[in-house]
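Quick note: the coordinates plus some simple rules give every number you see, no bench work behind them. The structure presented is a predicted model; accordingly, all values stated were derived computationally and were not measured. We place every Cβ from the backbone using ideal geometry, glycine too, and count neighbours over all the protein chains shown.
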Amino acid sequence: MAAIGFHDSDLLDLQRRLVILRVGLLLVVALLALRLWHLQIREGPYYRDLSENNRTRSVVLEPARGLIFDRNGVLLANNVPSFALYVTLEDVKDRQGLVAQLSSLLNLDPDLIQKKLSTGKGGKLQPRKVKDRLTLREATLIESHRLDLPGVMIQVESQRNYPGGVVAAHLLGYVGEVSADQLEKADFADLHQGSIVGQYGVEKWFDRQVRGRAGQKSVEVDALGHEKRAVVSDKPEAGDDLYLTIDAHLQKIAEDLLGEESGAIVALDPTTGDVLAMASRPGFDPNMLSKELSNKQWVEIVQNERRPLNNRATQGQYPPGSTFKVVMAAAALESNTVTPSTMVRCNGGYQFGNRLFRDWKPGGHGSVDMNEALIHSCDVYFYTVGQRMGIDTIAEYAKQFGLGQETGVELPSERVGIVPSTAWKQKARNQPWYPGETISAAIGQGYVTVTPLQMASVIGTVANDGVAVRPRLVQSVMNRATGERAEFPPTIRGKVAVKPATIALIKEALADVVTKGTATRAKSSLVTIGGKTGTAQTTALRTGPEKDIPKKFRDHAWFVAFAPVEAPRIAVAVLAEHMGHGGSAAAPLAKDVIEAYVKAYPQVLRGIPASGRTKSPAPAADTRPRRDD
Amino acid sequence: MIDRVIDSRGLDSFDLRFMGLIAVILSVGVLSIYSVTHSQDTAFPFYLKQLVWILLGTIAFLVMYLSDYHKIARLAYPTYAVILIMLAIVLIMGKSSRGAQRWIPIGPFAFQPSEFAKLVLVLVLANYYSRVTRVGWMHRVVLPGLIVLPGLLLILKQPDLGSGLSFLAVYAAMLLMVGVRSKALGIILLLSVMLFPFVWEMVWASLHDYQRQRVMAFVDPDYDPGGKGYHALQSRIAIGSGELSGKGLYGGTQSQLKFLPEGHTDFVFAVYAEEWGFVGVLVLLALFIALIWVSLEIAARAKDTLGALLAAGIVAMLCFCVVVNIGMTAGMFPIVGIPLPLVSYGGSATIMTMASLGLLLNVKRRRLTLFY
């Protein structure tokens, strides 16, 4: 301390006081050590007992998924309580014995139980879900055997339920346990093994909103691993509720109209893009798919030749047949290939090179202009204008109407169909375009394919005077906790570059199709309807009368329509697989859908929009009074 | 300008001992963090993140060690102003955790200004007392109190009771060193600061549940939501069940379960005590005493008032955090959010503590210059 002389007295005083700090520190640390000695040595065995016999398990509390309603507040998806069985390996003394017991009590495959017990994150202390949706009987059985089943825990969870069963199945989708692949993705980062997520339909598309947030509780368990006391440290948050644009009543009617046949019916509000109904048949019961299926059941569904899981409205790709003539008419007039009064002579066939393209009507329609060609669906007229326009002009207009691209509806895995062009063929087939192929494309055959939703959107765009609105399925999302409702406004996708006069001409012709053309069976006494029939050939092999052809080679029937003609409020596309002619098989279905709609919303006849949700949503109210037919 | 000359002899055995102690305590921390979080499947686990903090802390240590502490002290007031602004920002837009707002999000990380505020306060007070004549109550107690007040209020408003108490402890320690003339008064002051938590616990125990909840709801609303002492009990069980020799690394059934929240942060001592037992606890306490002892040595041999005050303030802050953290995990104090220095996981706290220790060694380094 040779340097002390340099310090002033303050510093000396200060440094002397440090002694107090040292004494104080030693005193306090001694107190701490004493306390720790008391805890660890004197009371150590007591706390060790507590830690061993009075242990705590942390259990995930699954959130309730958001509810799904239709546009009128009719409940489409809710949750019902169900029992789930968890096993905590730490508390299991005899694993083989437990598996054997559970397998006999629950009638489960022992290998499956073993698999469930050995997968999942976390150590032996993390409870693993072995089975959900236990019946009350099974749950009671387990509870009555609980003394023989250490480590087994029955937990009440909420389980997805679709009160309507098969109704709107493709649209709603179904839920299931998050898969191992999904867990790798960022979207599912906050989930864990056993979490339930949407796997199809809006359940999947809006999963983030509907899912909710899981909570956690600490469960104190006794030596057998049975719950003694629980402390909820983090309450789960229910997911948001979805209000769809569909009308459950109309949806049901559309599905019943298809009945046992395969096909799709899409109904849109052309002014807002609201999907009023989207039926696809054959269907499935989402209640069944949301359960854990056995391998055998799953294979049965996936390998079913009629492909019930396929949403034909958005994923079925079909040649549009003569419904494509709506697009052709707009393209021909706008590209100045023809004028409304240009006449084409139809003799029942069109000679191109050494090949004769036939008209559907043997003998032909005689001399026809655009209006007549649409009314009677004259093929030769469109062969001729198609040939004059060329495939790339056709493609340009088809794309403007939204073909060959996603409509943007909120459903996963939407297909886009094909709008052929010279560039497309070079790219997809590595072949040049042959002029003869233009002739097939001109009547919606050949390479052209579309989905029923796309066709509903095309006819809706025509009905809406060329303004294309994106089809939408969800009107609003409501936060359950705050009651705040986020509206999804309609979005305009674009305007097709078509003159008003052209649209007016097409609409007039389509109205005549129903009054005096190929779709007289769609004529309604309630409302004016405009539409276009289509018959999509599935095979070139056409010999003999229709009824002699095996069903799977028969043509698909199309009808696209809108109503009321004066101020359209509904656009419909009907596709009935292998049902023959559009005029006879599809047009009546479209008429029924349109009539059901105007009966439910009579104001649309007076040009007043069908308001969305007219009253506040009444949960579980399936019994909305209706003027029914 | 003799004190501008720095020691060019490099590290001596004292420095190595000092840094060795820091390294050993840091390792205990990383090991415990690893033990409690290793089963979590994350791309960037906590122990690796803590290693990153330690790396940044080492840089902070070196910066504080290599610059002249007189220069650092001259920046005290502007830095304090910046910290006050940041504390205000936290209140307005900070990231909330369990009802309290303590963090400012910076990219994927969160920055906790109240941690750094403690060190800045030491600098401010040391700077103040080393310049101001120690005459009269006004200059010795009231004015420095007014300096402390805005920071203290902003921290309590978050609310962060733990950091607020540390703030008070630094002020009290400074008062003890220079603020009060009478040694007896100083002793009373020190003892009351050090024993306050113990007394608090006794008063606490005499209160009814609803009274406690009312008090806690006032000072720290959401610390133990719905737990009703559950958190504190689980921490006691973890420590107690470690008994003499502990359950071994990864063997802590209490802490391996997720029931003990904050097992890697504020309650890391419980994890350590469960796995290493009373023996391990004594070793860790001895390590902390050694580190503090060495630090006090620096304070005692400082060449000027500023150095001595800086060293004393840092030591007081360190002592307070160690004692209160261990005391609260052992169920002696109510639970307030104070991390265990150098052991608990946390970027702001680790960097701040290492910066403080760098400053300490800086003070020691300069006392030798007088022999030249």
Taking beta carbons within 10 Å but only from partner chains, what does the mean come to for residues B:297-310? 4
Please list the non-local residues whose amide H lies under 5 Å from the amide H of A:K131, H modeled 1.01 Å from N, same-chain partners needing a gap of 5 or more. A:L85
Test of the criteria: in the range A:301-385, which trypsin sites (Lys or Arg not before Pro) are in a DSSP loop and have at most 16 other Cβ atoms within 10 angstrom of their Cβ? A:R306
For A:G263, distant residues with modelled amide H under 5 Å away: A:R281, A:E577
Tell me, B:L62, B:L287, A:L403, B:L360 in order of fewest to most beta-carbon neighbours within 10 Å? B:L62, B:L287, A:L403, B:L360
Where does each of A:503-515, A:255-267 land if you order them by average Cβ count within 10 Å, highest first? A:255-267, A:503-515
Would you mind checking the pairs A:K361/A:K551; A:K252/A:K523; A:K252/A:K599 and listing those with alpha carbons more than 24 angstrom apart? none
What is the average number of partner chain Cβ atoms found within 10 Å of a Cβ in B:43-49? 0
Taking the Cα centroid of the range B:284-359 and of the range A:270-296, what is the distance between the two, rounded to the nearest whole Å? 64
Quick check on packing: order B:308-314, B:112-118 by the mean number of other C-beta atoms within 10 Å, highest mean leading. B:308-314, B:112-118
For the range A:57-244, averaging the sequence separation of alpha carbon pairs under 8 Å that lie six or more residues apart and dividing by its residue count, the contact order in percent is 34
Which of the trypsin sites (Lys or Arg not before Pro) across the range A:365-448 are loop residues per DSSP, with 12 or fewer other Cβ within 10 Å? A:R429
Amide H to amide H, which residues 5 or more places from A:D234 or on other chains are under 5 Å from it, using H placed in the peptide plane? A:Q216
Simple SL model, points at 7 angstrom along Cα→Cβ for B:V63 and A:N295; separation in nm is 6.1
Fully extended, how many nm does the chain gain between A:S103 and A:A30 (0.36 nm per residue separation, minus their Cα-Cα distance)? 20.5 nm
Neighbour net charge for A:V527 - beta-carbon separation under 11 angstrom, K R +1, D E -1: +2
Compute the distance in nm between two label points, each set 7 Å from the Cα along the Cα-to-Cβ direction, one at A:E487 and one at B:I89. 3.9
Virtual spin-label span in nm between B:L185 and A:N347, 7 Å along Cα→Cβ: 12.4
Taking the number of other C-beta atoms within 10 Å as the exposure measure, put A:E203, A:E62, A:E143, B:E274 in order starting with the fewest. A:E143, A:E62, A:E203, B:E274
The ³J(HN,Hα) series, computed from each phi in the range A:241-247 with the Karplus coefficients 6.51, -1.76 and 1.60 at θ = phi - 60°, rounded to the nearest Hz and given as x for glycine or proline, is 8, 9, 10, 7, 8, 6, 10
Rounded Å value of the spacing that divides the Cα centres of the range A:135-178 and the range A:303-342: 45
To the nearest 20 Debye, how big is the dipole of chain A about its Cα centre, given +1 on the beta carbon of each Lys and Arg and -1 on that of each Asp and Glu? 440
The range A:137-149 - phi-based ³J(HN,Hα) in whole Hz, Karplus 6.51/-1.76/1.60, Gly and Pro as x: 4, 5, 4, 5, 4, 5, 4, 6, 9, 4, 5, 8, 10
Could you please report the charge total around A:V513, scoring K, R as +1 and D, E as -1 over all other residues with beta-carbon less than 13 angstrom from its beta-carbon? +4
Shielding of B:240-251 by other chains, given as the mean Cβ count within 10 Å, works out to 4
